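Student: Sending over a structure as structure tokens; questions will come in a sec.
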Amino acid sequence: MALNFDTAESNRGELKAKVTGSALEEIYDVQQAKIDSIMNQEQFAVLKTIRSKMEAAYKSKDDAKIKAIQELSSQFKDLQNQQQNERRFFMIQYAKDHPESAVAPWILGFQFSEGRMSKEEMKTIYPIFKGDAKHTAMFKYYEKTYNDIFKNLGVGSTAPNFTLIDVNGKEVSLKDVQAKYKLVDFWASWCVPCRASFPHLKELYKTYGKDGFEIVGIGTADSEEKWRKAIEEDKTPWMHLNDTGADHQWG
């Protein structure tokens, strides 16, 4: 079973996977169609319109338009949460009902992350996978995520060093970033919440940058072209590194 992420055809914040070369393809497609039907319910139509306007605003590079659509989007937070909760419930329930299926980790996708699940939820979900599910690339990502949170990167632990490429094509290691405080921010051009947080990060950077505070942005699960374009559009002044590895091991 092979899955490839297609950021070109994905909406911001919703990474689609193309499944090929397997009898499981039909199963995946059926379940993905169910997820799409949740997202496309009539009650959520306004959110689709907002996403389209947000895409147009970012493409225009007009700060006023971007700010306006972000403010409009914030007015529909409750509806956005309802939509995401319904989608999330379906994904988690499918994994619980089909713990041995190689399709299950791909349906759950990146819901298994510290930003989208509580640690208690992660502790509950992680051990349910069995058999073929544990041999998928997505489960390997879960395994690394779980170990990083509960074993390698607990509170008080030292962040592991890594070396990635910056916007000038130069290798940069985290340990060599000269700063008293370092905020490592993982993001992608298609991630709405990631980019919506940038105005706040800009304020932090402006306020504390002179006191030894540095932000290190890590672009992940993205093409270099889209990564560079987003940096230019958002005018983020801090250091940016790109995780170009096939497994995106740092994000």
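The values are calculated or read from the model by the stated rules, or taken from the named source; none is laboratory data. Just so it is clear, the structure is predicted and the values come from calculations on it, not from any experiment. Methodologically, a virtual Cβ is constructed for each residue, glycine included, from the backbone with ideal geometry; neighbour enumeration extends over all protein chains shown.
Student: From the list 93, 111, exactly one residue is modelled with pLDDT under 95 and outside the structural domain of residue 219 (by the TED database). Which is it?
Tutor: 111
Student: Could you tell me whether residue 188 is out of contact with any His (no Cβ under 6 Å at 6 or more places or on another chain) and under 30 Å from residue 56 (Cβ atoms)?
Tutor: Yes.
Student: Let me ask something else. With the condition kept exactly as written, say whether any residue in the stretch 199-218 is more than 28 Å from residue 69 (Cβ to Cβ), assigned to a strand (DSSP E or B) and either in contact with a Phe, Trp or Tyr (Cβ under 9 Å, 6 or more places away or on another chain) or not aliphatic (A, V, I, L, M) (or both).
Tutor: There is at least one residue in the stretch 199-218 that is more than 28 Å from residue 69 (Cβ to Cβ), assigned to a strand (DSSP E or B) and either in contact with a Phe, Trp or Tyr (Cβ under 9 Å, 6 or more places away or on another chain) or not aliphatic (A, V, I, L, M) (or both).
Student: Here's something else I'd like to know. Restricting the search to the stretch 91-107, which residues are within 26 Å of residue 45 (Cβ to Cβ) and either hydroxyl-bearing (Ser, Thr, Tyr) or surrounded by 15 or more Cβ atoms within 10 Å (Cβ to Cβ) (or both)?
Tutor: Passing the criteria: 91, 92, 94, 107.
Student: Considering the stretch 208-234 alone, what residues qualify as being without any contact (Cβ under 8 Å) to a residue 60 or more places away in the chain and either in the same structural domain as residue 66 (by the TED database) or within 22 Å of residue 113 (Cα to Cα) (or both)?
Tutor: Within the stretch 208-234, 215, 216, 217, 218, 219, 220, 227 qualify.
Student: If you don't mind, another one. Count, please, the residues in the stretch 163-207 that happen to be surrounded by 13 or more Cβ atoms within 10 Å (Cβ to Cβ), β-branched (Val, Ile, Thr) and without any contact (Cβ under 8 Å) to a residue 40 or more places away in the chain.
Tutor: Residues that pass the stated criteria total 1.
Student: Can you tell me which residues in the stretch 62-82 are of a type in the set (Ser, Thr, Tyr) and surrounded by fewer than 16 Cβ atoms within 10 Å (Cβ to Cβ)?
Tutor: Within the stretch 62-82, 74 is the sole residue that qualifies.
Student: Yes or no: residue 139 surrounded by fewer than 19 Cβ atoms within 10 Å (Cβ to Cβ) and either touching a Phe, Trp or Tyr at 6+ places or on another chain (Cβ under 9 Å) or over 25 Å from residue 183 (Cα atoms) (or both)?
Tutor: no
Student: Could you tell me whether the stretch 71-90 includes any residue that is under 18 Å from residue 133 (Cα atoms) and free of Cβ contacts under 8 Å to residues at least 60 places away in the same chain?
Tutor: Yes, the stretch 71-90 contains at least one residue that is under 18 Å from residue 133 (Cα atoms) and free of Cβ contacts under 8 Å to residues at least 60 places away in the same chain.
Student: Shifting gears a bit: Please tell me if residue 32 is at pLDDT 85 or above and in contact with a strand residue (DSSP E or B) (Cβ under 9 Å, 6 or more places away or on another chain).
Tutor: Criteria met by residue 32.
Student: While we're here: So, restricting to helices (runs of 4 or more DSSP H) that lie completely within the stretch 54-158, which ones have at least 1 residues that are in contact with a strand residue (DSSP E or B) (Cβ under 7 Å, 6 or more places away or on another chain)?
Tutor: By residue number, 104-108.
Student: Is it the case that residue 210 is touching a Gly at 6+ places or on another chain (Cβ under 6 Å) and surrounded by fewer than 16 Cβ atoms within 10 Å (Cβ to Cβ)?
Tutor: In short, no.
Student: Just give me the residues in the stretch 48-70 being touching a residue at least 40 places away in the same chain (Cβ under 8 Å) and of a type in the set (A, V, I, L, M, F, W, C), in sequence order.
Tutor: 54
Student: Given 224, 203, which one is of a type outside the set (A, V, I, L, M, F, W, C) and under 15 Å from residue 166 (Cβ atoms)?
Tutor: 224
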